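S.K.: The structure follows.
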Protein chains: 2
Amino acid sequence: MSKKLTTRAEDYSKWYNELVVKADLAENSAVRGCMVIKPYGYAIWEKMQAELDRMFKETGHQNAYFPLFVPKSLFEAEEKNAEGFAKECAVVTHYRLQNDPDNEGKLRVDPEAKLEEELVVRPTSEAIIWNTYKGWIQSYRDLPLLINQWANVVRWEMRTRLFLRTAEFLWQEGHTAHETKAEAITEAETMNNVYATFVENFMAIPVIQGLKSESERFAGADETYCIEALMQDGKALQAGTSHFLGQNFAKAFDVKFTNKEGKQDHVWATSWGVSTRLMGALIMTHSDDQGLVLPPNLAPNQVVIVPIYKTDEQLDQITEVVNGIMKDLRAKQITVKFDNRTTHRPGAKFAQHELQGVPLRIAIGARDLENETVELARRDTLTKETVSLDSLIEKVEGLMVEIQDSLFNKALDFRNSHITEVENFDEFKSVLEEKGGFISAHWDGTIETEDKIKEITKATIRCLPLEGEMVDGICVYSGKPSKRRVLFAKAY
Amino acid sequence: MSKKLTTRAEDYSKWYNELVVKADLAENSAVRGCMVIKPYGYAIWEKMQAELDRMFKETGHQNAYFPLFVPKSLFEAEEKNAEGFAKECAVVTHYRLQNDPDNEGKLRVDPEAKLEEELVVRPTSEAIIWNTYKGWIQSYRDLPLLINQWANVVRWEMRTRLFLRTAEFLWQEGHTAHETKAEAITEAETMNNVYATFVENFMAIPVIQGLKSESERFAGADETYCIEALMQDGKALQAGTSHFLGQNFAKAFDVKFTNKEGKQDHVWATSWGVSTRLMGALIMTHSDDQGLVLPPNLAPNQVVIVPIYKTDEQLDQITEVVNGIMKDLRAKQITVKFDNRTTHRPGAKFAQHELQGVPLRIAIGARDLENETVELARRDTLTKETVSLDSLIEKVEGLMVEIQDSLFNKALDFRNSHITEVENFDEFKSVLEEKGGFISAHWDGTIETEDKIKEITKATIRCLPLEGEMVDGICVYSGKPSKRRVLFAKAY
C-alpha cells in the first residue's frame, strides 16, 4: 500500500494497472484473462447495478435468467452473430473428470463423457433467449416483451486488461421484442439514453451518443447505438451499446406473432448492454497520480472519519463526537465510515483513503475537540479546510453535490477541448499524434476508407454522432464527397 | 393458463412441475438440465437475494466476484472436494469454433484451439477462492476474511427438476478465513442461524438445524451444519448448508498467516450457501391445488387490485378510488399492483393471481363504489369478505402480518405432526411408508448402518439435530448402542 503509484505522465497504462490493484478494485486470477473483483471494487459495481436496475424497472423492464450455455446448433442459427463470436468462445465438450491412470492423484477428462452436442459458454445471449422467446410470443398481446438479465459472459480475448477487456466479465443484457420496427428503434434509443443519463449523472462521465458505422456494429444488428467517453490519455472508450436487431433473430429462430389484423409477422428486436468495463471508464476519467477519485454518487463510503489521538480517553471523547456526526450524516442519506482501526496510524489511513478515492475525509484530533472543529479534506481537489462542527453537516451535504458536479464539469471541459475538427489527412494524423481525443472529420461512408484510416493511424470511427447537423464536405482520406462529419479516435 | 392443475393428491410431483410452469416461475430450456427463470420467478428470487444480502452485510460480510472457471490443477488440489465434484462437472477444453468444412453453414470446435489446461466450470468455488486467498492473507491483521459471492454454478446432474436440481443454478457462497478453529466454528454456526432466521421469517418455512452425518457432509468439510425443511408430501428438503472446513483448504492451497505470537499457522475456513433450490422449498411448503401461495414477505406484489366495470365512466371512477388506495398502501411499504389490463376479463385475472399466489386481492365494482366498500380475498385461506374503504388500509396492513404468521404456523403444525419417534426397524419402515416425514430414531453411528437403511428404505439421515438431549438407546437397525436420536427421511 505504501509505495507510490507510477504517474500518469510516466506511463498511463502502468498507472492504470497499478491503481486497479493497489486500490483493491480487482486483480488477475489463476485463470488466463479472468479477473477477481475484490470487495471494494465490487461495492462500486453494486452501486452501479442498483441504479441501473432501478432505471431499467422504471422504464418497464423485468429481470429474468437464461442458461449460461448455448448449444452449438442454436449458437450458429443467426449467421452473422455466430461469425462474430465463434472465434473467441469457450466450449464445453465433456461433463466429467476421472482419475488419471497415468498420473496418480491427478484428474483427466473422461473420454466416455463427451457431450453429444458442444455447449458454448455464452458470449452474449441472443441465441438462447430468442430460442426461448419463440415459446413466449404468439400474439401482439404478448408484446412488447421487455426483459433484462444480470449475468456473466465469456469472450476469449487474447489481450486482456483488468475491467477493460477480460475473458469473463459481468454485465447486464436487455433483450426486447416488439410489434413494429418503429417501436423497436424507439426502445433502442430509449435505452441508449438511459445509459447516457446513468453514465453522466452517476459516473460523472460525459458521453457522446451516436451510431456505429457498419463495420463497428454488433454482429447481427441492423443498427448499433452507443455512448462514447474520452479518457484522460486521449483515447476513447465505448461505455455502452444498444442494438436495433431488426427481424434478424426473429427470423433465425422463427419467432412470429399474430398482429392486431390477424396476420402473422416476425417480431422486431433490440438488445443492449453495459458491463464491468464501466469500472475502467470510471477509473480512467477521474483518477489522479494519488489514486482513485470517486464521484460521491458511486462511492461505497462517501465520507470517512479518522480519529487522531494519543490516549484512550481522547479516543473516547472523539468517538462520542463522531457518533453524533455519523448519525446526522446518515439521516441525510450520506454513507460514512469511522476508521477507528488500532492497527494503522492516521497517516497510513489518510494514504489508503486517498488511494481508494473516498470523496471526503474528516479528521478529528484533541485540539479540534477544544475548538469544536474538524479538518475536512476533499479528495478531488486535494484541498483541506477547518470547519466548525455547527456547520459540518450542511457543508458535507453541499459538497456531495459540488464534487459530483465538479468532476463532471472537469471531464466535460477536457472532453470538449479534445474534439478537433480537421480538414485533411495530414491534419488528422498530426492531431491524433500530438493531442489525441476525438477527431471530427468528413468520411466518404465506405468501409474501404474506414479500414485504410484504421490501418494507417489505428484510429477507428467511434460514432456518427446523433447531435450535430448534416453538412456536406470532402472525405479527409479519399477526397470523395461526404454528407457529414463523424468522430474518429484511438480507443480502448 | 386456463387449464386446472393436477391436484397434489393425484400426483404431487406432476402438480409441482405444472405449477412451476403455469405460475410463470421457470421452465426447461434447450440446454439439458438448465432452466430459464421467468420474470415472475426471478422477482421472488430477487426479494430473497435482497434480504439475504442485507443479513450477510449486517453480519460483517462483503461481496466479491471470482472466476467462473477453475483450472484443473487447482480443482484437484483438495482431494476430497475434487473427488466429490469430478463426476458431475462441465469441462471447457477449447476456446474457438470454426466453419465446419464437412458441413456448410455449420460450426465445429477448432482442433487447433485446444486449451493447454482444461477449465472446470465451477460447481462450487473453494478451489479458485482459496488459491486467491493465498495472496490476501499474510498476518492475523488480514483476518477474519468474510466474503460472499452471488454466482451461477454448474453440476452435471443426471436427473434434474426445475429449481430443485438443475445443471446450472444460482446461489450465494460465503467463504471465510479465521485465526482459530473456535472462531471458524462460530462463523459456520452463525451463518446456519442466519439461514434459519431467513427461511423461517421470510419464507415462513420452519426448519430444523442440525449436523450432517459424515457421509452426507460437503466434500472437503470437517463438519456440515444444515437446515432441513419438510415438504407437504412428507419428504425433507435441505434448504441450506454451512460448512466448517477445518484447515483442509488452507493446507491444500498453502494459506498461512503469522499469528499474534509471530508464529506461522494455516488459517481455518468456512463456506456456506443457499441456492435457487429455495424456490422449490417455498413452492412445496405453502402452495395448494389452486396454485402458488406466497408469504407476504416474499411476494413481488403483496396486493393486486382488479376493477370490475361495464363502462369507461365506471372504470374512471374506480381508478380514482384505486389511486387513493394505492397511495395509502405504498405509504405503508405494501407493494400493490392495479391490474387494469383491458385484454383480460376479471375472472381470468382472478384465476391468474390465484395461480401466482398474490397474498391479497381487492376487487372493486360499481356497487362497491356506492357502498364505499371493496371485496377483499385472501389467497392462503381462499376466503373473501366485504371491507369498508375506511378500514381497508389498516385491515390490509394487519393481514400482511397475519398471513405471514399463519403460513408459518400451518407449516410448523404439519412439520411437528410429522416427526415420529420409532423404536425398531419395522416401525421405522411402516411410518416411513404410511406417514412419511421425519423419523426420529436411534442410530449406532456407523456408515454401514446408514448405508443399509438407505438401501432398504431410501431414507437418509437428514441431520443430527442441534436441539434435543443426548439419550442412550439402541440402534433401530443394528441393535447396537446409540448415544442419540437422529432424524431420517426421504428427501429431495
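The numbers here are math on the coordinates, done by the rules we state, and not lab data. All figures in this text were calculated on a predicted structure; none of them were measured in a lab. Positions of Cβ are backbone-derived with ideal geometry, glycine not excepted, and every protein chain shown enters the neighbour counts.
S.K.: From a point 7 Å beyond the Cα of B:E423 in the direction of its Cβ, which residues of segment B:463-492 have a backbone N at a distance under 12 Å?
M.R.: B:474
S.K.: 7 Å along Cα→Cβ for the label point: how many nanometres lie between A:P101 and each equivalent label in the other copies, listed shortest first?
M.R.: Copy-to-copy label distances at A:P101, shortest first: 3.2 nm.
S.K.: Name the residue farthest towards the positive end of the dipole of chain A from the options A:N81, A:V199, A:H175, assuming +1 on Cβ of Lys and Arg, -1 on Cβ of Asp and Glu, about the Cα centre.
M.R.: Farthest towards the positive pole: A:N81.
S.K.: If we sort B:272-280, B:335-343 on the protection proxy, mean other Cβ atoms within 10 Å, highest first, what's the order? Walk me through the numbers before you get to the answer.
M.R.: Details: B:272-280: 24.1, B:335-343: 14.1.
Ranked from most to least packed, the peptides come out as B:272-280, B:335-343.
S.K.: Go through segment A:433-492 and name the GluC sites (Glu not before Pro) that are in a DSSP coil and have 14 or fewer other Cβ atoms within 10 Å of their Cβ.
M.R.: A:E467, A:E469
S.K.: Dipole size in debye (nearest 20) for segment A:303-361 around its Cα centre, Lys and Arg Cβ +1, Asp and Glu Cβ -1?
M.R.: 240 debye
S.K.: On C-alpha positions alone, give me the angle between the axis of helix B:126-136 and the longest principal axis of chain B, in degrees, nearest 10.
M.R.: 70 degrees
S.K.: Shortest first and in nm to one decimal, what separations exist between B:K80 and its copies in the other chains, measuring from label points 7 Å along the Cα-to-beta-carbon line?
M.R.: Its label point is 5.5 nm from the equivalent points in the other copies.
S.K.: Further, regarding this structure: Over chain A, what is the relative contact order in whole percent, taking alpha-carbon pairs under 8 Å and six or more residues apart?
M.R.: 14 percent
S.K.: If I model a spin label at B:N259 and B:N201 as a point 7 Å from the Cα along the Cα→Cβ vector, what separation in nanometres do I get?
M.R.: 3.5 nm
S.K.: Is the shape of the protein assembly as shown best called rounded, prolate or oblate, per the rule: a/c under 1.5 gives rounded, else a/b larger than b/c gives prolate, else oblate, with a ≥ b ≥ c the square roots of the Cα gyration tensor eigenvalues? Kindly include the intermediate steps, with their values, before the conclusion.
M.R.: Details: a/c = 1.37, a/b = 1.23, b/c = 1.11.
Rounded, since a/c falls under 1.5.
S.K.: How high is the relative contact order of segment B:365-492? Use alpha-carbon pairs under 8 Å, at least six apart in sequence, and give a whole percent.
M.R.: 20 percent
S.K.: Still on this model: How do the peptides B:179-191, A:470-482, B:34-46 rank, highest first, by the average count of neighbouring beta carbon atoms within 10 Å per residue?
M.R.: Put in order of decreasing packing, that is B:34-46, B:179-191, A:470-482.
S.K.: For segment A:351-389, list residues with backbone N below 20 Å from a point placed 7 Å from the Cα of A:E320 toward its Cβ?
M.R.: Residues A:363-375, A:388-389 qualify, since their backbone N sits under 20 Å from the label point.
S.K.: Once the label point is placed 7 Å from Cα along Cβ, list for A:S215 the distances to the corresponding points in the other copies, in nm, shortest first.
M.R.: Label-point separations across copies, in nm and ascending: 6.6.
S.K.: A 31 angstrom limit on the alpha carbon distance is what I want to check against. Which of B:K22/B:K337; A:K235/B:K106; B:K181/B:K429; A:K38/B:K47; A:K4/A:K212 exceed it? The partial results should precede the final answer.
M.R.: Values: B:K22/B:K337 20 Å; A:K235/B:K106 38 Å; B:K181/B:K429 40 Å; A:K38/B:K47 25 Å; A:K4/A:K212 40 Å.
Going by Cα-Cα distance, A:K235/B:K106; B:K181/B:K429; A:K4/A:K212 fall outside the 31 Å limit.
S.K.: May I ask you to list the GluC sites (Glu not before Pro) in segment B:83-123 that are in a DSSP loop and have at most 10 other Cβ atoms within 10 Å of their Cβ?
M.R.: Sparse-neighbourhood loop GluC sites (Glu not before Pro): B:E104, B:E112.
S.K.: Further question on the same structure: For peptide B:56-67, compute the average count of partner chain beta-carbon atoms within 10 Å of each residue's beta-carbon.
M.R.: The mean count of partner-chain Cβ atoms within 10 Å per residue comes to 5.
S.K.: Let me know the mean shielding of B:107-116 by other chains, meaning the per-residue number of their Cβ atoms within 10 Å of its Cβ.
M.R.: Taking the mean over all residues of the peptide, I get 4.
S.K.: So, one more: Return the distance in nm (one decimal) between the two label points of a simple spin-label model at B:D405 and B:T180, each offset 7 Å from Cα along Cα→Cβ.
M.R.: Between B:D405 and B:T180, the simple spin-label model gives 4.1 nm.
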